[in-house]
Every structure is written in C-alpha cells, then in structure tokens.
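The structure under discussion appears below in the form of structure tokens.
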Amino acid sequence: MNTFLYPSHLGDLKKALEEAAEIKNDRYKYQSLGKNKTCLLIFFNNSLRTRLSTQKAAMNLGMNVIVLDINQGAWKLETERGVVMDGDKSEHLLEAIPVMSSYCDIIGVRTFARFESREADYSESIINQFIKYSGKPVFSMESATVHPLQAFADLITIEEYKKTVRPKVVMTWAPHPKALPQAVPNSFAQWMLAADVDFVYTCPEGYELDPQFVGDLQPEYDQRKALEGADFVYAKNWSCPGVTRPADYGKVLSKDMDWMVDSAHMALTNNAYFMHCLPVRRNMIVSDDVIEAPTSLVIPEAANREISATVVIKRMLESL
Ligand code: AN0
Ligand code: CP
C-alpha cells in the first residue's frame with residue numbers, strides 16, 4: 001500500500017478488520033517489520049490523538065519515528081508554485097518534500113482544509129504534492145477532505161460493540177462556534193457506506209456532503225426522525241461543504257443548539273452508543289451526561305486509533 005486516504009486503499013474491509021483484531025490481540029506481533037525503518041510524521045496543524053497514536057503504532061512495528069511540527073521551529077512553507085517569495089515564507093514545499101523524504105521510509109501528513117479555496121481543498125493539493133514528490137508511501141493523518149485513520153478506528157469500534165449483524169449508524173451534525181473541516185464526516189460517511197452497516201446522516205439544510213463521499217445519499221433533515229432506532233450515534237460538527245452553494249464553502253450556516261446531542265435525543269434511539277472523534281466541546285456538541293454515560297465510546301474509539309494506524313503502517317512496510 002503506497003497511499004492511504006480512502007477505504008479502497010485497504011482493499012477488502014472485512015480482511016482489514018480481521019487484521020485489526022489480530023493486532024489488537026498482540027500489538028507487537030510485527031515488531032521486526034520496521035527495524036531500521038523511519039516514519040516521519042509531519043503536522044501542519046494541532047493534534048493530540050493522531051500524534052500519540054500514530055507514533056505508538058510506528059513504535060509497535062519497531063520503527064524509528066521523527067515528528068515535525070511545521071509551525072514550531074521549521075521554516076514557513078510556500079505551497080503554491082509560481083509565487084514570488086518576497087513575503088514571510090522562507091522555503092518552498094517543492095524543496096522541503098524531497099529533503100524530508102530523504103530522511104525516512106514512510107510519511108504521515110496532517111494538513112487541514114484551509115478554506116481559502118474549495119477547489120484547492122477538494123483537490124487535496126498539499127497531500128497530493130507529498131504523494132507526487134516524496135517517492136515514499138504517504139498516509140493522511142487528516143488532510144483537507146479526509147481523516148481515514150479516524151474512520152478506520154471508528155469502524156473497528158463499531159465492529160467491536162455492535163449487537164446485530166447490520167447495525168443502524170446515524171451521523172448527526174451538531175453545533176460548534178468555529179468553522180471546522182468536512183474531513184471527519186466525509187471519511188466517516190465514505191467508510192460506513194463501504195461497510196456492512198445501515199448508514200444515515202442528518203444535518204441542517206446547506207450542510208449536504210460532497211457526492212464524492214456519499215454518492216447519491218441525501219441527508220435526513222429531521223434529526224429526530226434520523227435518530228429513531230439508531231444503534232450508534234456519531235456526532236460531529238462540520239462547516240458548509242459548498243455542494244449546493246459553492247459561495248458558502250467553509251461558512252458556519254447554523255449554530256442551532258437544538259442539534260446538540262443530549263439525553264432527550266438519545267432517548268429516541270435503540271439505546272445507542274454515543275461516538276465522537278474528539279476533541280469535543282461539551283455542551284455544544286454533546287451534553288455532559290451523554291458523553292459520561294456507560295454507552296459513550298469516545299475513549300475506546302480514541303484507543304483504537306493506535307490499532308488503525310498499526311494496520312496502515314504495517315501494510316506500507318510490507319510493500320516497501
Ligand atoms: C478538527 C476537525 O474537526 O477536523 C480535528 C478533528 C479530529 N477539529 C477541530 O479543529 C476542533
Ligand atoms: N481525533 C483526532 O484526530 O484527534 P487529534 O486532532 O487530537 O489528533
């Protein structure tokens with residue numbers, strides 16, 4: 001495996017889930033695979049879980065790990081070709097990528113949507129330059145439009161907790177004070193549609209996800225109706241994807257607090273588990289009692305980030 005952005009990169013998801021279970025049972029089983037190999041993790045944005053779990057995953061596989069925070073001590077990078085570099089950016093990505101890749105065997109990149117242009121974000125212009133110019137396997141640690149390590153960890157978690165063969169999984173938009181990317185909902189929807197679950201998503205008008213990730217699936221605009229009979233409730237805020245009105249791309253169109261997941265919402269479900277990728281703003285996205293309930297899976301989900309990353313890096317090591 002040379003790139004990891006989409007579920008198709010893993011191939012058969014059932015096999016990938018079996019591999020995840022095998023690794024969870026013995027996470028050091030493949031420790032000799034990464035001997036004298038180096039994993040470089042590059043962060044253009046903040047992280048708690050991804051930084052720690054991906055580093056741990058590479059260490060599980062016996063790799064050396066280098067972590068670089070671009071915004072803390074590296075040169076400011078220009079990412080557009082053809083720019084006269086007379087501003088505050090000292091180095092171009094076109095030199096930085098081959099230099100960084102000369103020190104490592106596998107590269108993980110975190111580069112959020114910048115909301116400067118829908119086209120730049122939805123063409124994954126930054127991570128695609130890493131794929132094109134590094135000559136190394138590259139995986140997304142949340143790039144402009146996807147967060148596949150999160151969606152894979154979420155799928156592993158659903159597989160572990162489901163009580164029926166084909167559970168009903170409902171992703172609901174929830175309010176947030178700032179504009180957030182669509183990467184988490186895009187990937188979650190894409191992975192759920194590829195998995196053996198009954199998937200529904202619900203959001204206010206204007207928040208429809210890009211067909212690249214949801215195909216022709218339309219949202220249910222009535223949140224309460226969507227939640228009926230849910231086995232898993234996956235909450236997430238996202239900003240306007242600009243599908244119906246490109247001019248609204250990246251905007252906050254609603255802060256409607258009725259969409260916050262509280263116990264009245266959970267009462268509509270089939271005693272559902274609550275999920276969120278974290279970090280979460282309490283009493284904006286979810287009430288204290290729901291996130292603290294025994295049915296909250298936010299901590300097991302985060303723990304499974306180590307497992308999803310171990311599977312992905314293992315696959316990349318195997319194809320070096
Ligand atoms: C980011 C997002 O919504 O994409 C990261 C989530 C894993 N969240 C925030 O910036 C709060
Ligand atoms: N869920 C997730 O990716 O968290 P971080 O942003 O803390 O890495």
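The values are calculated or read from the model by the stated rules, or taken from the named source; none is laboratory data. These numbers were taken from a predicted model, which means no experiment stands behind them. All Cβ positions, even for glycine, are placed from backbone atoms using ideal geometry, and neighbour counts span all protein chains on display. SASA here: full protein model, heavy atoms, side chains in, ligands and nucleic acids out. Shrake-Rupley method; radii C 1.70, N 1.55, O 1.52, S 1.80 Å.
Tyr103 to Asn283: FRET efficiency via 1/(1 + (r/R0)^6), r the Cβ-Cβ distance, R0 56 Å, to the nearest 0.05? Display every interim value, and only then the final one.
Details: r = 44 Å, r/R0 = 0.79.
The value I calculate is 0.80.
Lysine pairs in the stretch 150-301 whose alpha-carbon atoms fall under 21 angstrom of each other, counting only those eight or more residues apart or on distinct chains, come to 10. Rolling a 1.4 Å probe over the protein heavy atoms of the stretch 150-301, with every protein chain left in place, gives an accessible area that is 51 percent carbon and sulfur.
For Met59, the accessible area of its heavy atoms, probed at 1.4 Å with every protein chain present, is near 90 square angstrom. Pairwise Cα separations in the stretch 150-301 fall into 5 Å bins from 0 onward with the following percentages, short to long: 2, 10, 21, 25, 23, 13, 5, 1, 0. Ligands, DNA and RNA aside, Val169 has an accessible area near 0 Å² when probed at 1.4 Å.
Counting only Cα atoms, the size of the stretch 211-256 along its three principal axes is 36, 26, 16 Å, in decreasing order.
Restricted to Cα atoms, the stretch 149-206 shows a radius of gyration and a Dmax of 12.3, 37 angstrom. Charge dipole (Cα centre; +1 on Lys/Arg Cβ, -1 on Asp/Glu Cβ; no other charges) of the chain amounts to roughly 800 debye.
Between Lys15 and Ser123, the FRET efficiency from the beta-carbon distance, with R0 = 22 Å, is close to 0.15.
For the stretch 23-114, what is the convex hull volume of the alpha-carbon atoms per residue, in Å³?
On the way: hull volume 9.8 nm³, N = 92.
Dividing the Cα hull volume of the stretch 23-114 by its residue count gives 107 Å³.
Provide Leu268, Leu193 ordered by accessible surface of protein heavy atoms (probe 1.4 Å), highest first.
On the way: Leu268 60, Leu193 85 Å².
Final ranking, largest accessible area leading: Leu193, Leu268.
Which helices count as membrane-span-like in the chain under these terms: full DSSP H, at least 15 Å along the axis by C-alpha, Kyte-Doolittle mean of -1.0 or more?
Values: long enough: 13-25 (18 Å, -0.63); 49-60 (16 Å, -1.07); 148-161 (20 Å, 0.39); 183-194 (17 Å, 0.65); 298-318 (31 Å, 0.34).
Flagged H segments are 13-25, 148-161, 183-194, 298-318.
With a Förster radius of 22 Å applied to the beta-carbon distance between Lys24 and Ala293, the computed FRET efficiency rounds to 0.35.
Only protein heavy atoms count here; under a 1.4 Å probe, Phe274 has an accessible surface of about 0 Å². Accessible surface computed residue by residue for the chain, with neighbouring protein chains in place and a 1.4 Å probe, gives 43 Å² per residue.
Between Asn64, Pro219, Phe188, the Cα set farthest toward the positive side of the dipole of the chain (charges on each charged residue's Cβ, about the Cα centre) is that of Asn64. When each of the peptides 39-45, 20-26 is scored by the mean number of other C-beta atoms lying within 10 Å of its residues, the order from highest to lowest reads 39-45, 20-26. Applying 0.36 nm per residue to the separation of Glu91 and Asn71 and subtracting their alpha-carbon distance, the gain on full extension is 5.9 nm. Cα extents for the chain along the principal axes, largest to smallest and rounded to whole angstrom: 54, 48, 34.
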